[in-house]
Amino acid sequence: MKTYAIAAIPGDGIGSEVIDAGIEVLDVLQRHQGGFSISVERFDWGSDYYRKTGRMMPEDGRDQIKHVDAIYFGSAGDPDIADHITLWGLRLNICQPFDQYANVRPARLLAGIESPLKGVTAADLDWLIVRENSEGEYSGSGGRVHQNLPEEVGMDVAVFTRAGVERIQRFALDLARTRPRKLLTLVTKSNAQRHGMVMWDEIFERVKGDYPDVTTDKMLVDAMTTRMVLDPKSIDTVVATNLHADVLSDLAAALTGSLGIAPTANLNPERRFPSMFEPIHGSAFDIMGQGIANPIGAFWSAVMMLEHLGEPAAAQTLMAAIERVTELGDVLTRDLGGRATTRDVTKAVCDAIRGTNSNGL
Ligand code: NAD
Ligand code: MN
């Protein structure tokens, strides 16, 4: 029997609450599904670890997890520590050295969930946003000069490499090809940013020639926000830079009901390093410790993880269980208009996996 080694890094705030829930669901799923098993090792890295050691993760942390089959991540972010320290110390400290350059973010309306957009149904909103995840605006390049003096300068340099742009565009074209509509929208801002963004456009013009079966179009990022709201069904697969896709995918999550349900995969497509799966939301300071975080984003991320591991049947079982719960609509957390706790939703999804849902489903 195949056993998959998973490194769980629950991290901070509700990140740890929803990853605990996800581990529980995965455990029920492997026993129900059979044919494979999952061995989870937990790493207590994050802000509490930082308070004790001055680091978000150990210096040899990546060595400890480089051989696992996948990483299951919660969130990095603490009310008492600056966000750039927690983010760079943990999440980006894993994503970037492990070359997880393709960030994939599905956005669709789950059964029973209503969009805040009037009249928009599940058939109208089914997107896949591909985010460049290794360079661009989040390259970490830049600096501060004359710090704390009146003439201080702060610079963040967006770094776009031809190799980095071409590989993410090809990845998105390959993914678009697997979708029924085979439609890919390139999002840039090449009117105002006249160097790197123009290079994105030029590379796309050339690369897309290798994919005659994929229909493509192009949008400036500001116009894309209005298209997402006003004409969602015109969109299928999207490729954009690290910053632009970061922003667009939070909007996408809200349009599909809640930030709390949205999943993401940080992929190293060549599998030289492990890939990492996480809900897109953060630590949610306003609700952490209350046990009311929506765990569905973490569950859906586990679905993506199972697909990546090569367990499509188990992935399907879990997704169906999630949607059985959302469709019934009586066990939803507050962000989806309900009153259920993280625990209630976790139990409902576990019951749905076992097929022992009290509603007879
Ligand atoms: P956030 O995602 O933590 O919260 C935004 C809003 O959405 C809050 O009102 C929150 O209550 C709600 N929300 C988010 N997830 C929810 C869930 N599962 N169920 C119910 N409601 C949910 O974003 P933020 O407030 O901008 O960031 C808080 C902290 O998290 C910051 O430190 C930030 O840097 C960090 N963060 C980390 C990651 C990550 O590690 N991947 C991602 C985003 C933010
Ligand atoms: Mn984000």
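Taking strands (runs of 3 or more DSSP E) as the structural unit, no element lying wholly within segment 224-296 holds at least 1 residues that are within 16 Å of ligand 2 (Cβ to nearest atom), touching a Leu at 6+ places or on another chain (Cβ under 8 Å) and of a type in the set (F, W, Y). Residues in segment 155-213 that are in a helix (DSSP H, G or I) and basic (K, R) were compared, and the one that is farthest from the chain's Cα centre (by Cα) is R206. So for segment 306-326 (the condition being within 16 Å of ligand 2 (Cβ to nearest atom), over 30 Å from V165 (Cβ atoms) and either acidic (D, E) or under 16 Å from the mean Cα position of the chain (by Cα) (or both)), does at least one residue qualify? Among the residues of segment 306-326, not one is within 16 Å of ligand 2 (Cβ to nearest atom), over 30 Å from V165 (Cβ atoms) and either acidic (D, E) or under 16 Å from the mean Cα position of the chain (by Cα) (or both), which makes the answer no. Inspection of segment 267-275 finds no residue satisfying the criterion of being among the aromatic types (F, W, Y), in contact with a strand residue (DSSP E or B) (Cβ under 7 Å, 6 or more places away or on another chain), outside the structural domain of V221 (by TED's automatic domain parsing) and more than 10 Å from ligand 1 (Cβ to nearest atom). Could you tell me whether D250 is more than 16 Å from ligand 1 (Cβ to nearest atom) and either touching a Cys at 6+ places or on another chain (Cβ under 8 Å) or acidic (D, E) (or both)? No.
Residues to consider are A76, A82; find the one that is touching a residue at least 60 places away in the same chain (Cβ under 8 Å) and in the same structural domain as A284 (by TED's automatic domain parsing). Exactly one of A76, A82 is touching a residue at least 60 places away in the same chain (Cβ under 8 Å) and in the same structural domain as A284 (by TED's automatic domain parsing), namely A76.
Scanning segment 160-173 turns up no residue that is under 16 Å from A107 (Cβ atoms) and open to solvent by 60 Å² or more (accessible area, probe 1.4 Å).
The values are calculated or read from the model by the stated rules, or taken from the named source; none is laboratory data. Note that the coordinates shown come from a computational prediction; the quantities given were computed from them, not determined experimentally. Reconstructed Cβ throughout: ideal geometry from the backbone, glycine too, with neighbour counts over all protein chains shown. Keep in mind that these areas ignore ligands, DNA and RNA; they rest on the heavy atoms of the full protein, side chains included. Shrake-Rupley method; radii C 1.70, N 1.55, O 1.52, S 1.80 Å.
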